[in-house]
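K.L.:
Before I ask anything, let me first share the structure, which is written out below as structure tokens.
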Amino acid sequence: MKAGFVSLGCSKNLVDTEVMLGLIKERSIELVNDPAEADILIVNTCAFIQSAKEESINTILNMAEYKDPTKGHCKTLIIAGCLGQRYGQELLDELPEADGIIGTEAWDRITEVIDETLKGNRLVIKGDEKIYDASVPRIPTTPQHTAYVKIAEGCNNRCAFCAIPLIRGKFRSRKIEDIVAEVKALAAKGVKEIVLIAQDTTNYGHDIYGKPRLAQLLKKLCRIEDIKWIRTLYSYPRFFSDELIDVLASEDKLVKYVDIPLQHANNQVLRSMRRPDTKEEIEALLNKLRQRVPGVVIRSTFIVGFPGETPEQFAELKDFITKQRFDHVGIFTYSKEEDTPAADMDHQVDEAVMQDRYHELKAVQSLISQEINESLEGQVLEVIVEGHTEDGMPFGRSYRQADDVDDLVYIEGDTESQVGDVVKVRILQGFTEDLVGELAEDCL
């Protein structure tokens with residue numbers, strides 16, 4: 001038997017995919033990239049916002065075409081992940097193309113679903129709240145030099161706009177020793193960059209140790225040989241402690257990169273969003289980070305068009321982004337998600353207004369990004385090579401860029417660097433989204 005996988009959504013979902021791949025391979029099922037070759041097709045879906053749901057449904061329908069003997073020989077099509085966890089039986093009823101549904105909390109039962117659907121049984125399995133550990137087989141799908149490590153699952157924040165707690169459940173952490181064991185195993189396989197992920201990484205450990213323990217975890221991970229970079233994503237401001245800032249500043253293996261989702265800058269909107277932070281607290285944290293971590297790169301995300309957002313409140317957000325000069329910013333229009341408090345709020349913002357605000361903020365941030373990238377011209381940065389263009393030019397990321405969400409560094413005149421190499425690059429030109437440089441031979 002052969003199985004093909006399509007993984008949609010965030011890096012946290014990708015880790016779930018990698019774990020399921022490991023379990024499938026243990027059953028001696030061959031893994032293939034071409035869906036036309038697969039007897040078993042699995043789509044790990046995303047249901048975070050409406051556009052993600054639509055992408056998931058379209059992908060499922062596209063994969064269903066391989067049940068046609070003239071296009072493939074798919075015997076069973078399984079929907080996994082967030083869409084399955086949230087809609088379960090409803091999804092199975094409305095999509096006759098699907099043979100089985102497996103939710104985010106049932107990844108460990110993927111082979112059971114495969115067996116049952118191959119027998120002709122259609123079923124839904126959602127499972128109980130859990131998180132994988134270092135003993136679970138896992139097949140990385142990222143390049144060999146980098147790997148995601150999920151340190152916690154679920155979320156307790158209950159933001160008014162977010163459906164994640166409805167899908168992923170309450171916040172639960174892995175033990176420090178277990179995470180260390182996984183990272184050591186990854187290092188032994190040649191991984192150079194570890195990317196720690198969770199829905200709220202700064203809250204790591206609160207549930208099992210009585211207080212956040214991300215700082216302690218990072219210290220232990222920094223002692224692991226052969227790991228060059230450790231990057232942490234999705235660090236909410238509430239638990240970004242002075243101790244954590246000190247660790248970020250002092251540990252060489254921690255890249256000076258902070259991903260801190262803020263969502264807005266007007267206090268009234270933040271309260272409506274059920275965010276625990278105020279604009280003043282956010283500004284104090286950003287100032288502290290920049291003062292105590294020289295060269296720190298800060299990425300954030302913001303939502304425009306949240307219910308009730310006035311022109312004045314949007315103007316305050318725009319002014320905040322202009323003054324803070326974030327290195328990277330993700331901007332999203334508000335998505336009305338069923339069963340969330342915001343969906344029932346009055347004064348929903350018109351879609352056209354949201355789009356105007358989105359493009360206005362994008363224009364502001366584009367100018368800031370270009371100015372920041374131009375200021376890097378002449379600097380030498382370490383770059384980990386990610387791939388090559390069609391004409392052979394290497395490209396990669398410095399500490400300033402996270403995989404899949406940020407810009408890239410292209411290396412002119414380099415004909416030798418291979419994927420996974422770490423090279424020193426002198427930046428020649430900075431653009432709105434990318435950087436162009438050359439090997440800094442005097443620094444090699």
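K.L.:
Within the range 261-310, report the trypsin sites (Lys or Arg not before Pro) that DSSP leaves as loop and that have at most 16 other Cβ atoms within 10 Å. Working shown, then result.
P.N.:
On the way: sites: R271, R274, K279, K288, R290, R292, R299; in loops: R274.
Listed in order of number, the matching sites are R274.
K.L.:
Setting aside same-chain residues fewer than 8 positions from K318, which lysines have a Cα under 23 Å from its Cα?
P.N.:
Output for K318: K279, K288, K336, K362.
K.L.:
Please report, in cubic angstrom per residue, the volume enclosed by the convex hull of the alpha-carbon atoms of the range 1-155. Could the numbers behind the result be given before it?
P.N.:
Values: hull volume 17.5 nm³, N = 155.
So the per-residue hull volume is 113 Å³.
K.L.:
Sort the following peptides by mean Cβ neighbour count (other Cβ atoms within 10 Å, averaged over residues), highest first: 242-255, 91-104.
P.N.:
Working: 242-255: 16.4, 91-104: 20.4.
Listed from highest to lowest mean packing, they are 91-104, 242-255.
K.L.:
Along each of the three principal axes of the Cα atoms of the range 128-232, give the extent in whole Å, ordering the values from largest to smallest.
P.N.:
So the three principal-axis extents are 41, 28, 24 Å.
K.L.:
For the range 300-444, state what percent of all Cα-Cα pairs lands in each successive 5 Å bin, counting from 0 Å until the bin that includes the largest distance.
P.N.:
The percentages, shortest bin first, are 2, 9, 17, 16, 13, 11, 10, 8, 7, 5, 2, 1, 0.
K.L.:
On to the next question. Between F332 and E280, what's the calculated FRET efficiency when r is the beta-carbon distance and R0 is 22 Å? Round to 0.05. Show your work: numbers first, answer last.
P.N.:
Values: r = 24 Å, r/R0 = 1.08.
With a Förster radius of 22 Å, E is 0.40.
K.L.:
In addition: How many nm separate the modelled label positions at E54 and Q268, each set 7 Å beyond the Cα in the direction of the Cβ?
P.N.:
3.1 nm
K.L.:
Can you work out ³J(HN,Hα) from phi for every residue in the range 229-241, in order, using Karplus 6.51 cos²θ - 1.76 cosθ + 1.60 and θ = phi - 60°, giving whole Hz and x for Gly and Pro?
P.N.:
10, 10, 10, 10, 10, 6, 9, 6, x, 4, 10, 7, 7
K.L.:
Report, as a whole number in µm² per second, the diffusion coefficient that Stokes-Einstein gives for the chain at 10 °C and 1.306 mPa s using the Kirkwood radius over alpha carbon pairs. Provide the component values of the computation, followed by the final result.
P.N.:
Values: Rh = 23.2 Å.
So the translational diffusion coefficient is about 68 µm²/s.
K.L.:
Moving on. Amide H to amide H, which residues 5 or more places from V297 or on other chains are under 5 Å from it, using H placed in the peptide plane?
P.N.:
Sorted by chain and number, the residues that satisfy this are Y257, V258.
K.L.:
Could I ask something else about it? For G169, enumerate residues with amide H under 5 Å from its amide H, sequence gap 5+ or separate chain, H modeled in the peptide plane.
P.N.:
Amide H to amide H, under 5 Å and 5 or more residues apart or across chains, G169 pairs with C155.
K.L.:
Hey, what do the phi angles of the range 222-228 turn into as Karplus ³J(HN,Hα) couplings, whole Hz, using 6.51/-1.76/1.60 and θ = phi - 60°, x for Gly and Pro?
P.N.:
Taking θ as phi minus 60°, the curve returns 5, 8, 7, 5, 6, 7, 9 Hz for the range 222-228.
K.L.:
Under the 0.36 nm per residue contour assumption, what length would be gained going from the current alpha-carbon distance of L31 and K67 to full extension? Mind showing how you got there, number by number?
P.N.:
Working: separation 36, 0.36 × 36 = 12.96 nm, distance 1.76 nm.
So the extension gain works out to 11.2 nm.
K.L.:
Assuming a viscosity of 1.567 mPa s and a temperature of 4 °C, what translational diffusion coefficient in µm² per second does Stokes-Einstein assign to the range 1-87, Rh being the Kirkwood radius over Cα pairs?
P.N.:
D = 100 µm²/s.
K.L.:
Just to verify a number: FRET efficiency for T111 and Q144, C-beta to C-beta distance, R0 = 30 Å, to 0.05? Provide the component values of the computation, followed by the final result.
P.N.:
Working: r = 26 Å, r/R0 = 0.87.
So the FRET efficiency works out to roughly 0.70.
K.L.:
Explain nothing, just compute: Karplus ³J(HN,Hα) = 6.51 cos²θ - 1.76 cosθ + 1.60, θ = phi - 60°, for every residue of the range 190-197 in order, whole Hz, x for Gly and Pro.
P.N.:
My calculation for the range 190-197 gives x, 5, 9, 10, 9, 10, 7, 9 Hz in order.
K.L.:
Hey, what number do you get for the chain at 222 nm if only DSSP H runs of n ≥ 4 count, each worth -39500 (n - 2.57), divided across all residues, to the nearest 500? Numbers along the way, then the final one.
P.N.:
Numbers: 13 runs with 151 residues, N = 444.
Mean residue ellipticity, 222 nm, calculated: -10500 deg cm²/dmol.
K.L.:
Take the Cβ-Cβ distance between E94 and E441 as r, set R0 to 45 Å, and report the resulting FRET efficiency rounded to the nearest 0.05.
P.N.:
Details: r = 60 Å, r/R0 = 1.34.
It comes out at approximately 0.15.
K.L.:
Follow-up question, since we're still on this one. In a Gaussian network model over the chain where Cα atoms closer than 10 Å are linked, find which of D178, D115, D226 has the largest mean-square fluctuation.
P.N.:
Looking only at D178, D115, D226, the biggest GNM fluctuation is shown by D115.
K.L.:
Continuing with this model, one more query. For a bin width of 10 Å, list the pair-distance distribution of the range 144-300 built from all Cα-Cα distances, rounded to whole %.
P.N.:
Calculated over all Cα pairs of the range 144-300, the distribution is 10, 39, 36, 13, 1 percent.
K.L.:
So what's the projected area for the range 380-443, the Cα convex hull averaged over all directions, in nm²? Mind dumping the intermediate values first?
P.N.:
On the way: hull surface 16.3 nm².
Over every viewing direction, the Cα hull of the range 380-443 projects on average to 4.1 nm².
K.L.:
Here is a follow-up. For the chain, what relative contact order do you get, as a whole percent, if you take Cα pairs closer than 8 Å and at least 6 residues apart? Please report the intermediate quantities before stating the final value.
P.N.:
Working: 909 pairs, mean separation 41.3, N = 444.
Relative contact order comes out at 9 percent.
K.L.:
Check cross-link reach from K119 to the lysines: straight Cα distance under 21 Å, and skip same-chain residues fewer than eight apart.
P.N.:
By straight Cα distance, K119 reaches K2, K25, K67, K75.
K.L.:
How many Lys pairs in the range 128-200 lie less than 23 angstrom apart by Cα atoms, where the lysines are 8 or more positions apart or on different chains?
P.N.:
Lysine pairs, 8 or more places apart or on different chains, close enough: 13.
K.L.:
Taking the Cα-to-Cβ direction at D178 and at A315 and moving 7 Å from each Cα, how far apart do the two end points lie in nm?
P.N.:
Result: 5.1 nm between the two label points.
K.L.:
State to the nearest 20 debye the size of the charge dipole of the range 1-88 about its Cα centre, where the only charges are +1 on K and R beta carbons and -1 on D and E beta carbons.
P.N.:
Details: 9 positive and 11 negative charges, 45 e Å.
Rounded to the nearest 20 debye, it is 220 debye.
FYI, it's all coordinate maths here, none of it is from the lab. Nothing here was measured: the structure is a model prediction, and the numbers come from that model. When we count neighbours, we look across all protein chains shown, and the Cβ atoms used for this are built from the backbone with ideal geometry, even at glycine.
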